[in-house]
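A quick write-up on the structure given underneath.
Values in this text are rule-based calculations from the coordinates and carry no lab data. None of these values were measured; they are calculated from a predicted model. Glycine also receives a Cβ, built like all others from the backbone with ideal geometry; neighbour counts cover every protein chain displayed.
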């Protein structure tokens, strides 16, 4: 009799535990479902302006001004043709040149500096790091007048190389700090092992260290590209026609007659497309790079 009672009690306890486990899983599933719905709503909220910009780019100006906004319309490429015929190609080339060259210079200067401040630290490393980041503390508007005077005196106004130099100086501190965090994730024993195998410092860095931090380099490069491509303040104050970049070109659609919403949306889509494509092609390295060391 006692054996039967013990077995019944054990079965009851097991059933109670199973019910409690199922209830706990149900509550967890409900909580996860709620947060998933919230995440989707927030994501759609952030993406909706971009979607609306793309839709507006395929509208006529009359459809873009309707109140309430028209969701059903006849798509047209008229705005894209108008933008392409308005000289956007030159500004795209200027932005691509300034962005590409400045990003390359940032990597050529920032990667060795970050390496020296991480795997091969020197005396005063913290002071050097503080100096790099302190250059970002000065508001850009406070430096524009002396910069304008200097650039004008050396005859570099409306010159694309002026933007290359400024974009390099603007992104270099960020690149050094980011790349240093990536290099800190690399064990210093790898350099010692390569040295014991007879590899020179340059060969060890080229064949051992750089492949390991390549996701970080890709992430740093993409961030520099985004910052340079979207930069407006230097471009609008130091360029006019020959060195005009995409952000300055977009402002041209704001006229005294009003805003050309459809054309502005079409120009914005064409402007954002290169950066979106660059991020799409580098997405694997970008995600791995940002989780590798940039958030340390």
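Can you tell me how much longer the chain between residue 206 and residue 190 gets when fully stretched, taken as 0.36 nm per residue apart minus their C-alpha distance, in nm with one decimal? Can you show the working numbers first?
Values: separation 16, 0.36 × 16 = 5.76 nm, distance 1.24 nm.
Gain on stretching residue 206 to residue 190: 4.5 nm.
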request  = Based on the mean of other Cβ atoms within 10 Å per residue, sort peptides 75-82, 150-157, 218-225, 109-116 so the most packed one is first.
outcome  = 218-225, 109-116, 75-82, 150-157
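Test of understanding: ordering 148, 167, 260 by Cβ neighbours within 10 Å, fewest first, what list do you get? Please list the in-between numbers first.
Numbers: 148 14, 167 24, 260 20.
The order, fewest Cβ neighbours first, is 148, 260, 167.
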note = Check: C-alpha center segment 28-80 vs C-alpha center segment 132-163, spacing in Å is 39 Å
query = Stretched out fully, how many nm does the piece from residue 241 to residue 70 gain, at 0.36 nm a residue minus the Cα gap?
reply = 57.9 nm
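What's the ranking of 176-182, 267-273, 63-69 by average number of surrounding C-beta atoms within 10 Å, highest first? All intermediate terms of the calculation are to be shown ahead of the outcome.
Values: 176-182: 23.3, 267-273: 18.4, 63-69: 12.9.
Those peptides, ordered most packed to least, come out 176-182, 267-273, 63-69.
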ask   = Spin-label point model (7 Å from Cα, Cβ direction): what's the residue 32 to residue 275 distance in nm?
value = 3.5 nm
